[in-house]
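Below is one structure; the comments refer to it alone.
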Ligand SMILES: [Zn+2]
């Protein structure tokens, strides 16, 4: 997707990037977003780009700071299987946005203390994209090997509310599923397939074959990347 965007970027290359300091959080986020759009402007950005906020809180001086990054997909950790054996997409999102403690070695410099301190970090969505790509992080890298999780993660087909992961006053932000990328197999040998909705029904795409599927066949433990389209907005993806 990055390559596609680079080829169809409507903006010329601009060297250097001014850094702005603003007091208000939303202003700062808007300035960063504007800067991004001045350099990167394509149909890919229109549809897939969002803004992620990373909030840091210093345990020594209580200073709060924010950084904003552009994202085209969110990579969600899969929590350990619950006692019922089922994991939901919401649990993955909760874990993704959960406050994380950083020790001194892994924390960035505190702007106020001017040194590395223990701090907490929390990720949230500052700006919602038209299409949000949710990657279920099934592959875990350890020191010596890579392993794949085949945990069944259930996900809603309609009305996924990402409002709780956005700015405090954003209300509900609803998305409907329109495509799934599946990964079958192991770390060493795998096969990708897809399920896509054309608005009338769902089809299963497997290399050269396309077959209709029912909604009940969509949820499997092979679901790997989920594509959700914003439902409570006027713009449409299929234009
Ligand atoms: Zn500090």
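The values are calculated or read from the model by the stated rules, or taken from the named source; none is laboratory data. What you see is a predicted model; the values in this text were computed from it and never measured. Note that we place each Cβ from the backbone using ideal geometry, even for glycine, and neighbour counts take in every protein chain shown.
Quick one: is residue 187 over 17 Å from the mean Cα position of the chain (by Cα), in a loop (DSSP other than H, G, I, E, B) and in contact (Cβ under 8 Å) with a residue 40 or more places away in the chain? Quick ask: steps written out before the conclusion?
Details: over 17 Å from the mean Cα position of the chain (by Cα): yes; in a loop (DSSP other than H, G, I, E, B): yes; in contact (Cβ under 8 Å) with a residue 40 or more places away in the chain: yes.
The answer is yes for residue 187.
Against the numbered list (1) under 19 Å from residue 54 (Cα atoms); (2) more than 16 Å from the ligand (Cβ to nearest atom); (3) free of Cβ contacts under 8 Å to residues at least 40 places away in the same chain, residue 142 comes up short only at (1). Considering segment 100-122, and only residues there that are loosely packed, with under 12 Cβ neighbours inside 10 Å and more than 12 Å from the ligand (Cβ to nearest atom), the residue that is nearest to residue 53 (Cα to Cα) turns out to be 101.
Scan 125, 180 and give me the residue that is over 22 Å from residue 70 (Cβ atoms), modelled with pLDDT of 95 or more, under 15 Å from the mean Cα position of the chain (by Cα) and crowded, with 19+ Cβ neighbours inside 10 Å.
On the way: 125 fails: over 22 Å from residue 70 (Cβ atoms).
Checking each option against the conditions leaves just 180.
Selection of helices (runs of 4 or more DSSP H) fully inside segment 1-66 by the criterion of at least 2 residues being surrounded by 11 or more Cβ atoms within 10 Å (Cβ to Cβ), on the phi < 0 side of the Ramachandran plot and modelled with pLDDT under 90 returns 2-8, 25-39.
Scanning segment 166-177 for residues that are exposed (fewer than 15 other Cβ atoms within 10 Å of the Cβ) and either within 15 Å of the chain's Cα centre (by Cα) or free of Cβ contacts under 8 Å to residues at least 12 places away in the same chain (or both) yields 168, 169, 171. Looking across segment 55-92, the residues that are within 16 Å of the ligand (Cβ to nearest atom) and in contact (Cβ under 8 Å) with a residue 24 or more places away in the chain come down to 55, 56, 57, 58, 59, 60, 61, 63, 65, 66. Before we move on, is residue 49 away from the ligand (no atom under 16 Å from the Cβ) and either under 23 Å from residue 140 (Cα atoms) or touching a residue at least 40 places away in the same chain (Cβ under 8 Å) (or both)? Taking the combined requirement at face value, the residue satisfies it.
Taking the numbered list (1) surrounded by 14 or more Cβ atoms within 10 Å (Cβ to Cβ); (2) away from the ligand (no atom under 16 Å from the Cβ); (3) assigned to a strand (DSSP E or B) in turn, residue 147 passes all entries but (1).
Exactly one residue among 136, 157, 162 is in contact with a helix residue (DSSP H, G or I) (Cβ under 8 Å, 6 or more places away or on another chain) and farther than 24 Å from residue 53 by Cβ, and that residue is 157.
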